[in-house]
Structure formats: structure tokens, C-alpha cells
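Novice: Here it is, the structure, as C-alpha cells.
Bear in mind that the values in this text are calculations on the coordinates, not laboratory data. Predicted model only: the values in this text are computed from it and were never measured. Neighbour counts are summed over all protein chains in view; Cβ atoms, including those assigned to glycine, are modelled from backbone coordinates with ideal geometry.
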């Protein structure tokens, strides 16, 4: 990897793509949900809304939306946990961000 395509730059582009794709997915899901209500096309939770908002969720330390794993050392208490949610447009945003990063370096 060159200086322009470093690992930290790749990670930054991936996270930005995931975040922007997730925001766009939630916005489009809300828009199509409201359109489903207005057009009497299955209500708010219609199939198009579900396509945009359905996500695969992975978590470590959060078993079934419970409290995170807590390590109590009397003096210091740590709460450990990590959750990752990927939907259709966040994955697409990640790939688009990687593609943009590939072509944004010096020529």
C-alpha cells in the first residue's frame, strides 16, 4: 500500500461509507413507510420499507439486548460490548466508499 492508500485511510473510508449508507437507508425506509401509509399500500411497515430497514445485527457482550459484560475490579468497573448493524445500503455505501478511495489517490 502506498502512502495515499494506507490502512487507516481504508478503515476511515469503510466506516464513513457504512455510516452514510445506514443514514440513507433509514431515511429512505422512513420515506417509503410514509408513502405506504399515504397511498394505502400496506401501511408503514410495507415490503419496500422492510427492504431498506432490515439489517443483520451482530453483537459481542450484548446477549439479547441485555446489559453489557461488566468486569468489576472494586476500584474500576469496565462495561464491555460491541454491536454491529449492517443493512443493504450500508453495505453498498461501504463498497462505493472503497471504490472512491481507490480512484481518489494521486495519478
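Novice: Report the extension gain between residue 98 and residue 6 in nm, rounded to one decimal, defined as 0.36 nm multiplied by the number of residues separating them, less their alpha carbon distance.
Specialist: 31.9 nm
Novice: May I pose another question? Using 0.36 nm per residue of separation minus the Cα-Cα distance, give me the extension gain between residue 72 and residue 39 in nm, one decimal.
Specialist: Details: separation 33, 0.36 × 33 = 11.88 nm, distance 5.37 nm.
Going from the current span to full extension adds 6.5 nm.
Novice: Next question. Taking the number of other C-beta atoms within 10 Å as the exposure measure, put 57, 26 in order starting with the fewest.
Specialist: 57, 26
Novice: Let me ask something else about it. Using Cα pairs under 8 angstrom and six or more residues apart, how large is the relative contact order of the chain, in percent?
Specialist: It rounds to 37 percent for the chain.
Novice: Given the C-alpha atoms of the chain, compute the convex hull and give its volume per residue in Å³. It would help to have the intermediate numbers written out before the result.
Specialist: On the way: hull volume 15.7 nm³, N = 107.
It comes to 147 Å³ per residue, whole-number rounded.
Novice: Can I ask one more? If I stretch the segment between residue 60 and residue 83 completely, what's the gain in nm (0.36 nm per residue apart, minus their alpha carbon distance), one decimal?
Specialist: Working: separation 23, 0.36 × 23 = 8.28 nm, distance 0.63 nm.
Length gained, residue 60 through residue 83: 7.7 nm.
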